[in-house]
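Right, one structure below, let's go through it.
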Amino acid sequence: YLFVWTALNGPSKRWGLSRPELADVISATHLCALARPLYRTIELRYLLDSAGLSHALPTTKQLWNLAKPRNGAAAPQAVTAERLYETTHLVFYLTDFGGETCGVLTRVDWERLLRDIRLGLESAIAWQHFDLVAELGFAGWCLQPQPSTCALTAARYLALAQDPDGGFRSVLTRATPGSVRFLGCYHPVMMTTLLCFAVRWEGRANRSRA
């Protein structure tokens, strides 16, 4: 709801609850006090800040310092779809969806995230996980808009994998009707649309500089 409210409410717009009403709901539900993974807390802070709502969450820098991988870890963690989703969502919020950085990423952080995105994209393509391919491609663009090898690689792969009706079907969408609708239709199509907008915007920006 916060995502939709933030997107649809501007200085001259009114959708759903007013800002004070939304603040009352958040306070009454103790939203900021609920236990959640760190990347979800970073997400919540991003949305609350975007909506102009006050809160007592730690700063983004403090949360990122807790969430990011530590140097000298005992062993590299296995690449899983869950971990890759965490990485893409962190990139979305820490870069304002490619708009700008929030000032907390060091050069080492940026290089590590970009490396993880690139390696994750290779895995997602091997798994035929089209939703993750789209998310990773877009996350790569958020980190490196010009030029974004990740975004172009993902867009080209998805163009070949997409069904004539616009959806995506793989072994991941054969389990239940719900997974077909979400992982085969709604979410990968939404992320592919974002990815394509990013790639087209990048191409136009490059032509305008030529």
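Tabulated data for the structure shown
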| item | result |
| --- | --- |
| Computed accessible area, THR193, all protein chains, 1.4 angstrom probe, square angstrom | 60 Å² |
| Whole-Hz ³J(HN,Hα) from phi, Karplus 6.51 cos²θ - 1.76 cosθ + 1.60, for segment 113-125, glycine and proline x | 4, 5, 5, 5, 5, 5, 5, x, 5, 4, 5, 5, 5 |
| Stretchable slack from LEU119 to GLU86, in nm (0.36 nm times residue separation minus alpha-carbon distance) | 10.4 nm |
| Å² per residue, accessible surface of segment 107-170 at 1.4 Å | 45 Å² |
| Amide H contacts of VAL104 (H built 1.01 Å from N, under 5 Å, at least 5 apart or other chain) | none |
| Rounded if a/c under 1.5, otherwise prolate or oblate - segment 74-138, Cα gyration tensor axes | oblate |
| Label-point gap, in nm, between ALA28 and GLU100 - each point 7 angstrom along Cα→Cβ | 3.5 nm |
| Order by protection proxy (mean Cβ within 10 Å, highest first), peptides 36-49, 128-141 | 128-141, 36-49 |
| Segment LEU66-SER18, extension gain: residue separation times 0.36 nm, minus the distance between their alpha carbons | 14.0 nm |
| Exposure of LEU84 as accessible area (Å², to 10), given a probe of 1.4 Å and all protein chains | 10 Å² |
| Accessible area of segment 82-129 belonging to carbon and sulfur atoms, whole % at 1.4 Å probe | 49 percent |
| Added length on full extension, which subtracts the Cα-Cα distance from 0.36 nm per residue, ASP163 to TYR1 | 55.3 nm |
| Segment 16-150: C-alpha gyration tensor shape, a/c 1.5 cut-off, then a/b vs b/c | prolate |
| Area accessible to solvent at VAL79, 1.4 Å probe radius, in Å² | 80 Å² |
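The values are calculated or read from the model by the stated rules, or taken from the named source; none is laboratory data. Remember, it's a predicted structure, so these values are computed and weren't measured experimentally. As a convention, Cβ positions derive from the backbone with ideal geometry for all residues, glycine included, and neighbour counts pool all protein chains shown. Note: accessible area is taken over every heavy atom of the protein model, side chains too, but ligands, DNA and RNA are not part of it. Shrake-Rupley method; radii C 1.70, N 1.55, O 1.52, S 1.80 Å.
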